[in-house]
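J.: Got a structure here, written out as structure tokens. Questions coming.
The values are calculated or read from the model by the stated rules, or taken from the named source; none is laboratory data. Keep in mind that what you see is a predicted model, and the values were worked out from it rather than measured. Keep in mind that these areas ignore ligands, DNA and RNA; they rest on the heavy atoms of the full protein, side chains included. Shrake-Rupley method; radii C 1.70, N 1.55, O 1.52, S 1.80 Å.
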Amino acid sequence: MSYKSPLFHLLLPLLLPLVSAYTLLHPGQQTLDQHQVCSYQPESRSVICRCQENESRNILALQLDSFPQAGQVSIKSCTELLLAVDLSGVNQDIISLTLTDCGEVQIGNIKFSEDQKLNIELENMDKFSIQKQTFKGSTSISSTNVKELLIYKTTFSHLPNPGIKIAKSAKVSIIDCVFIQTSPGSISVNSVDEVEIINNQFSIDTIEVIELKESPNLYISCNRLHEEAVN
């Protein structure tokens with residue numbers, strides 16, 4: 001199922017920077033038509049998208065101005081997915097983006113208003129990554145049973161408490177990110193085999209931001225306050 005989505009341009013500015021980074025962008029990927037793989041459920045005000053069983057490598061570009069009352073977007077059963085989402089047309093203060101029972105998913109681009117709050121919920125996945133994004137509104141990420149999670153070179157304007165909450169994972173990497181507004185306990189990590197938190201900028205001391213439980217292998221290094229120089 002090949003389709004030139006009107007939102008495909010959201011991915012184009014990312015192609016060059018992703019050449020030197022980890023990316024799910026590959027030749028021969030199929031661009032999915034949101035009108036064929038997604039459906040709107042008016043009673044729950046939710047959009048539900050499912051990848052096709054016979055397509056392993058997909059690009060999905062979602063534009064939700066057709067569903068302005070949607071408060072939740074669910075994406076299920078994708079083997080490998082590069083995702084772009086435009087939530088700017090949604091008339092909801094709080095929006096949930098839920099990814100469940102997937103293999104590997106990368107957010108290539110995401111848009112929402114700085115007046116909105118975005119909750120990203122992850123469950124039962126092999127790998128999830130966000131790279132080189134800017135979240136202007138309040139954003140939270142909740143992850144359970146995701147084997148590997150990578151957040152790289154991404155700016156969060158406001159990380160609430162809890163902001164990033166991760167449980168039951170093999171590896172979590174938060175690298176080269178900027179957290180403009182944080183509070184104690186904004187990042188919570190529980191039952192993760194390997195944790196890397198490297199070269200990030202926080203508004204308060206790193207020790208206050210991060211809560212760790214039952215995570216034996218830690219590498220926390222070169223994190224600093226915004227005004228501090230790089231050592």
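J.: In square nanometres, what is one fourth of the surface area of the convex hull spanned by the alpha carbons of segment 103-171? Provide the component values of the computation, followed by the final result.
T.: Values: hull surface 16.8 nm².
Approximately 4.2 nm², given one-decimal rounding.
J.: A further question on this structure: Pull up the DSSP beta bridges for the chain and report the antiparallel fraction as a percent, rounded to 5. Each step should come with its number before you reach the end.
T.: On the way: 4 of 92 bridges.
Antiparallel bridges make up about 5 percent of those DSSP assigns within the chain.
J.: At a Cα cut-off below 25 Å, give the lysines reachable from Lys76, other chains included and same-chain residues fewer than 8 away excluded.
T.: Lys4, Lys111, Lys117, Lys127, Lys132, Lys147, Lys165, Lys168, Lys171
J.: Tell me, what is the per residue accessible area of segment 159-231 in Å², probe radius 1.4 Å? Could the numbers behind the result be given before it?
T.: On the way: 3740 Å² over 73 residues.
With all protein chains present, segment 159-231 gives 51 Å² per residue.
J.: Next question, about the same structure. For segment 156-208 and segment 50-122, what is the centre-to-centre distance using only Cα atoms, to the nearest Å?
T.: 22
J.: Could you state the per residue volume, in Å³, of the convex hull enclosing the Cα atoms of segment 91-231? Before the final figure, lay out each step's value.
T.: Numbers: hull volume 13.0 nm³, N = 141.
Convex hull of Cα atoms, per residue: 92 Å³.
J.: Give the carbon-plus-sulfur fraction of the accessible surface of the chain in %, rounded to a whole number; probe 1.4 Å, heavy atoms of protein chains only.
T.: In the chain, the share of accessible area belonging to carbon and sulfur is 47 percent.
J.: Only helical DSSP H runs with n ≥ 4 go in: add -39500 (n - 2.57) per run for the chain, normalise by residue count and round the 222 nm mean residue ellipticity to 500 deg cm²/dmol. The partial results should precede the final answer.
T.: Numbers: 3 runs with 15 residues, N = 231.
Roughly -1000 deg cm²/dmol at 222 nm, from the helical runs in the chain.
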